[in-house]
Amino acid sequence: MRTNEYYMPTEWRVRGSVQEVYDICSDFLDYQRWWPEVYLNIQPAGIDEETKSERYALLTRGRLPYKLRWTSCKTHEDAPRTLSLKASGDLAGRGTWRFEQDGEYVIARFDWYVNAEKPLLKRLSWLMKPIFRSNHDWAMRKGLESLDRELSRRRTARGGTI
């Protein structure tokens, strides 16, 4: 494994239905609204030639004082169970979301295989890998908090519970 390669799995357990959680996590353009601590800007960037799906240009951040510019698009979708994506730019690689109902909860697992391609991160990965992983973990914790808020907001808007 090269020093700038990362495998960063995340597992969330959130109260809701698979369909609710899938609907939120599969709408990339809406991440900026419900996950604003991490997703600073998202813009449509045309159609990906390989996948024929919409590409998005993203500006993201973590807890550390740097920003990442990258693009992402869906590569496979089996709603509401799985969603795969690819990334290019400052981050290059692939990720897959898997959603599973567990009683009144959903287990959402994200497997992220990515290379740090931003020049500074790429050069420092050999030394800073644990810190970069911690930065990703922070971003994903913010994602879980944000997803909980978004599920509550949607339930309140429709006047109900799960």
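The values are calculated or read from the model by the stated rules, or taken from the named source; none is laboratory data. Note that this is a predicted model, so its numbers are computed, not measured. No Cβ is skipped: glycine too gets one built from the backbone with ideal geometry, and neighbour counts run over all protein chains shown.
Which ones in the range 121-162 are β-branched (V, I, T) and closer than 24 Å to R2 by Cβ?
I131
Which residue pairs have Cβ atoms closer than 9 Å, lie 6 or more positions apart in sequence or on different chains, and pair a first residue in the range 2-27 that is within 14 Å of W97 (Cα to Cα) with a second residue that is small (G, A, S) and loosely packed, with under 13 Cβ neighbours inside 10 Å?
Q19/A79; Y22/A79; D23/A79; S26/A79
Does L64 count as closer than 19 Å to E145 by Cβ and over 16 Å from the mean Cα position of the chain (by Cα)?
Yes.
Between a residue in the range 95-122 that is closer than 18 Å to W70 by Cα and any residue that is loosely packed, with under 15 Cβ neighbours inside 10 Å and acidic (D, E), which pairs come within a Cβ distance under 6 Å, given they are 6 or more apart or on different chains?
The qualifying pairs are N115/E5.
Being farther than 23 Å from S146 by Cα, buried (at least 16 other Cβ atoms within 10 Å of the Cβ) and hydroxyl-bearing (S, T, Y) is the filter here, so list the residues in the range 1-15 that pass it.
Once the filter is applied, which keeps residues that are farther than 23 Å from S146 by Cα, buried (at least 16 other Cβ atoms within 10 Å of the Cβ) and hydroxyl-bearing (S, T, Y), the range 1-15 yields only Y6.
Could you check the range 30-60 and list, in sequence order, the residues that are of a type outside the set (A, V, I, L, M, F, W, C) and in a loop (DSSP other than H, G, I, E, B)? Walk me through it before giving the result.
At the first step, the residues of the range 30-60 found to be of a type outside the set (A, V, I, L, M, F, W, C) are 30-33, 36-37, 39, 41, 43-44, 46, 48-56, 60.
Of everything in the range 30-60, those that are of a type outside the set (A, V, I, L, M, F, W, C) and in a loop (DSSP other than H, G, I, E, B) turn out to be P36, E37, D48, E49, E50, T51, K52, S53.
Among S72, S134, which is part of a helix (DSSP H, G or I) and among the polar types (S, T, N, Q)?
Being part of a helix (DSSP H, G or I) and among the polar types (S, T, N, Q) holds for just one of S72, S134, which is S134.
Go through the range 76-92 and report how many residues are in contact (Cβ under 8 Å) with a residue 24 or more places away in the chain, among the small types (G, A, S) and within 19 Å of G143 (Cβ to Cβ).
1
Answer yes or no as to whether R63 is among the charged types (D, E, K, R), under 19 Å from L91 (Cα atoms) and either outside any strand (DSSP E or B) or out of contact with any Cys (no Cβ under 9 Å at 6 or more places or on another chain) (or both).
Numbers: among the charged types (D, E, K, R): yes; under 19 Å from L91 (Cα atoms): yes; either outside any strand (DSSP E or B) or out of contact with any Cys (no Cβ under 9 Å at 6 or more places or on another chain) (or both): yes.
Taking the combined requirement at face value, the residue satisfies it.
Would you be able to say whether some residue in the range 46-54 is of a type in the set (A, V, I, L, M), surrounded by 15 or more Cβ atoms within 10 Å (Cβ to Cβ) and modelled with pLDDT of 95 or more?
For the range 46-54, residues of a type in the set (A, V, I, L, M), surrounded by 15 or more Cβ atoms within 10 Å (Cβ to Cβ) and modelled with pLDDT of 95 or more: absent.
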